Amino acid sequence: MILESFDALKKHLASQDGKLKRVVVANPTDAQTLSAVMALFKEKLFFPILVGEKVKILEVLTSINETETSTLEIVDVSGDTEIAEKSVALIKEGMGDVLMKGHIQTRDLLKAVVNKEKGIRKQGVLSHVSINEIPYYHKLLFLTDGGMMLTPDVDMKQAILMNCLALTEKLGYENTKVAVLDASENVNPKLQASLDAEELKNRGELGMFRDAIIEGPISLDLSLSKEIAKEKEYTSLVAGDADILLVSDIVAGNLLGKSMMTFGQGKMAGLVLGATVPIIITSRGSSAEEKMNSLMIACLM
């Protein structure tokens, strides 16, 4: 299964049978977060658990014209640290399937996530993936890591890629196509990103990424355009059909992701991977639509 758009993602989520996923929302006291949560809750796509100061949560619900709150589960907690710890505790106790950041500092939530005794971090790294719907591309495009790992070495890049492949596999992808990005498709021994890309491709050929198809080094244009690949006489199963773009560092990932949204007029979702559940950490300026997209893909995962 290949997801072509967020609309297709929503239809797929709506078609799922079984018990609704439970989303633990840490301090949902901003309109964008609650608007996204309530919109999908009313469509019966998941069940939210709202953790924070109850009076403030109810005030924001009223401000967005949500007056029917009797079916909502609100855990009354005050203070960012306490809210973060309680939200993570609910996940650890098996009460939630997804953790979502509301109006709370990212560092406070992640501190609770990575706590050695009470946290929910798995072995390995926490990494960020953005899922992008771009008008000029024929399917959703996964970009990693533009939000967590600063300057990963080749082993860290392998861990980042494994996190992302776990996501695509749970979404039903087979033979996920991975482009390990570089400035050129030719190996440059003076450029560490190029050497890392070559090494990851070699590891892929040894079966270290299961059934994923790893190509690298490969440039961005070759990854996304079959026409350019044909003009350059470049042959690869990944060319023009990449599912995942693996970037060299956080700067490259951040710039590429934001350019897709601004110049490319795209839509996006974002998840942090590497914990026992997917974590939604969008910025405070993120739209309700971005939060809804992130919620949908996290619930499918």
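Could you run through segment 263-301 and say how many residues are closer than 17 Å to Leu220 by Cα and either without any contact (Cβ under 8 Å) to a residue 40 or more places away in the chain or surrounded by 24 or more Cβ atoms within 10 Å (Cβ to Cβ) (or both)?
The initial filter retains those residues of segment 263-301 that are closer than 17 Å to Leu220 by Cα, namely 263-264, 266.
Checking which are either without any contact (Cβ under 8 Å) to a residue 40 or more places away in the chain or surrounded by 24 or more Cβ atoms within 10 Å (Cβ to Cβ) (or both) leaves us with 263.
Within segment 263-301, residues that are closer than 17 Å to Leu220 by Cα and either without any contact (Cβ under 8 Å) to a residue 40 or more places away in the chain or surrounded by 24 or more Cβ atoms within 10 Å (Cβ to Cβ) (or both) number 1.
So which residues in segment 201-234 are in a loop (DSSP other than H, G, I, E, B) and out of contact with any helix residue (DSSP H, G or I) (no Cβ under 8 Å at 6 or more places or on another chain), if there are any at all? Steps first, answer last, please.
First, the residues of segment 201-234 that are in a loop (DSSP other than H, G, I, E, B): 206-212, 219, 225, 232-234.
Result: Leu206, Gly207, Asp211, Ser219, Ser225, Glu233.
Can you tell me which of Glu199, Glu205, Glu227, Glu233 is at positive phi, more than 24 Å from the chain's Cα centre (by Cα) and not aliphatic (A, V, I, L, M)? Working first, answer last.
Values: Glu199 fails: at positive phi; Glu205 fails: at positive phi; Glu227 fails: at positive phi.
Exactly one of Glu199, Glu205, Glu227, Glu233 is at positive phi, more than 24 Å from the chain's Cα centre (by Cα) and not aliphatic (A, V, I, L, M), namely Glu233.
Could you count how many residues in segment 116-138 are part of a loop (DSSP other than H, G, I, E, B), farther than 26 Å from Val154 by Cα and not aliphatic (A, V, I, L, M)? First the steps, then the outcome.
Step one: filter segment 116-138 for residues part of a loop (DSSP other than H, G, I, E, B), giving 116-120, 122-126, 134-138.
So of that shortlist, the ones also farther than 26 Å from Val154 by Cα come out as 117-119, 134-138.
Pick out the ones that are also not aliphatic (A, V, I, L, M) and you get 117-119, 135-138.
Count: 7.
Which of the residues spanning segment 162-200 are surrounded by 18 or more Cβ atoms within 10 Å (Cβ to Cβ) and touching a helix residue (DSSP H, G or I) at 6+ places or on another chain (Cβ under 7 Å)?
Result: Leu171, Thr176, Val178, Ala179, Val180, Leu181, Asp182, Glu185, Asp196, Leu200.
Is it the case, given these coordinates, that Ile228 is β-branched (Val, Ile, Thr) and within 19 Å of Asp145 (Cα to Cα)? Working first, answer last.
On the way: β-branched (Val, Ile, Thr): yes; within 19 Å of Asp145 (Cα to Cα): no.
When the stated conditions are applied, Ile228 does not pass them.
Looking at Asp211, Asp241, Asp249, which one is within 18 Å of Ser5 (Cα to Cα) and either touching a His at 6+ places or on another chain (Cβ under 7 Å) or surrounded by fewer than 20 Cβ atoms within 10 Å (Cβ to Cβ) (or both)? Working first, answer last.
Working: Asp211 fails: within 18 Å of Ser5 (Cα to Cα); Asp249 fails: within 18 Å of Ser5 (Cα to Cα).
Every option except Asp241 fails the conditions.
Would you check which residues across segment 89-110 are among the polar types (S, T, N, Q) and either crowded, with 24+ Cβ neighbours inside 10 Å or not in a helix (DSSP H, G or I) (or both) and list them?
Going through segment 89-110, the residues among the polar types (S, T, N, Q) turn out to be 105-106.
The answer is Gln105, and nothing else.
I'd like to verify a number: residues in segment 3-30 that are touching a residue at least 40 places away in the same chain (Cβ under 8 Å) and not basic (Lys, Arg), how many?
As a first pass, look at segment 3-30 and keep what is touching a residue at least 40 places away in the same chain (Cβ under 8 Å): 3-6, 9-10, 12-13, 16, 21-30.
Subset that is not basic (Lys, Arg): 3-6, 9, 12-13, 16, 23-30.
Total meeting the criteria: 16.
Working only within segment 241-269, note down all residues that are in contact with a helix residue (DSSP H, G or I) (Cβ under 8 Å, 6 or more places away or on another chain) and in a helix (DSSP H, G or I).
Leu256
Could you grab me the full set of residues in segment 37-57 that are assigned to a loop (DSSP other than H, G, I, E, B) and either in contact (Cβ under 8 Å) with a residue 40 or more places away in the chain or of a type in the set (A, V, I, L, M) (or both)?
Let us first name the residues in segment 37-57 that are assigned to a loop (DSSP other than H, G, I, E, B), namely 43-46, 53.
Selection gives Leu45, Phe46.
Would you confirm, using the coordinates I've provided, whether Lys11 is over 30 Å from Phe142 (Cα atoms) and not in a strand (DSSP E or B)? Outline the logic, then answer.
Working: over 30 Å from Phe142 (Cα atoms): no; not in a strand (DSSP E or B): yes.
Taking the combined requirement at face value, the residue does not satisfy it.
Identify the single condition in (1) under 19 Å from Gly172 (Cα atoms); (2) in the same structural domain as Asn27 (by TED's automatic domain parsing); (3) touching a Phe, Trp or Tyr at 6+ places or on another chain (Cβ under 9 Å) that Met292 does not satisfy, given that it satisfies every other one.
Here Met292 meets the rest and fails (1).
The values are calculated or read from the model by the stated rules, or taken from the named source; none is laboratory data. Only a predicted model underlies this, so the values are computations on that prediction, with no experimental measurement involved. Don't worry about glycine lacking a Cβ; one is built from the backbone with ideal geometry, like all the others, and counts go over all protein chains shown.
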